[in-house]
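The values are calculated or read from the model by the stated rules, or taken from the named source; none is laboratory data. In this text, all values refer to a predicted model and were calculated from it rather than measured experimentally. No Cβ is skipped: glycine too gets one built from the backbone with ideal geometry, and neighbour counts run over all protein chains shown.
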Amino acid sequence: MFANVGWGEMLVLLVIGLVVLGPERLPGAIRWTSNSLRQARDYISGATSQLRDDLGPEFEDLRQPLSELQKLRGMTPRAALTKHLLDGDDSWINEAFQSPGAAGPATSETVKPHSAPPPQAVVPKPEPLPPGTPAPFDADAT
């Protein structure tokens, strides 16, 4: 539940609790909070086990799409593209985006049939707008 709360955050919460509640009421507040969290965790685990008992094998059928959704939540756009378009093979990305000095000059022997297309011409950077001028509207970017 609090997997991403570190020791620094816990120390800040303790200091804030000490200032707000005072030293005489802080231990009781910590005890009440820990008991409440323990009861909530027991209630949730009991509800999960009761749901598993009531649904039986259908519980796993419900759980499978949720686990797939959890996998998608942590997926980056690059990982999603390589998984679905390239079947997880991202070796061409490493070849296409190497630093120019590392690969050396490209010759006809080094270019592979399925390598990335040649880089486009370098477009010069547009000059900055004068102060107070509104930014240009790009209908394709919206």
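Tabulated values for the structure
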{"read-out": "Output for the range 7-33, where each listed residue is small (Gly, Ala, Ser), out of contact with any helix residue (DSSP H, G or I) (no Cβ under 6 Å at 6 or more places or on another chain) and surrounded by 10 or more Cβ atoms within 10 Å (Cβ to Cβ)", "value": "Gly22, Gly28"}
{"read-out": "Long-range neighbours under 9 Å by Cβ, at least six apart or interchain, first residue assigned by TED's automatic domain parsing to the domain that holds Thr33 within the range 7-19, second part of a helix (DSSP H, G or I) and of a type outside the set (D, E, K, R)", "value": "Leu14/Leu26; Leu14/Ile30; Gly17/Leu26; Gly17/Ala29; Gly17/Ile30; Leu18/Leu26"}
{"read-out": "Single unsatisfied condition, Ala116 versus (1) modelled with pLDDT of 60 or more; (2) out of contact with any His (no Cβ under 8 Å at 6 or more places or on another chain)", "value": "(1)"}
{"read-out": "Residue that is within 30 Å of Leu21 (Cα to Cα) and either of a type in the set (A, V, I, L, M, F, W, C) or surrounded by 11 or more Cβ atoms within 10 Å (Cβ to Cβ) (or both), where the choices are Ala79, Ala40", "value": "Ala40"}
{"read-out": "Any hit, the range 65-79, residues being at positive phi and either part of a helix (DSSP H, G or I) or at pLDDT below 75 (or both)", "value": "no"}
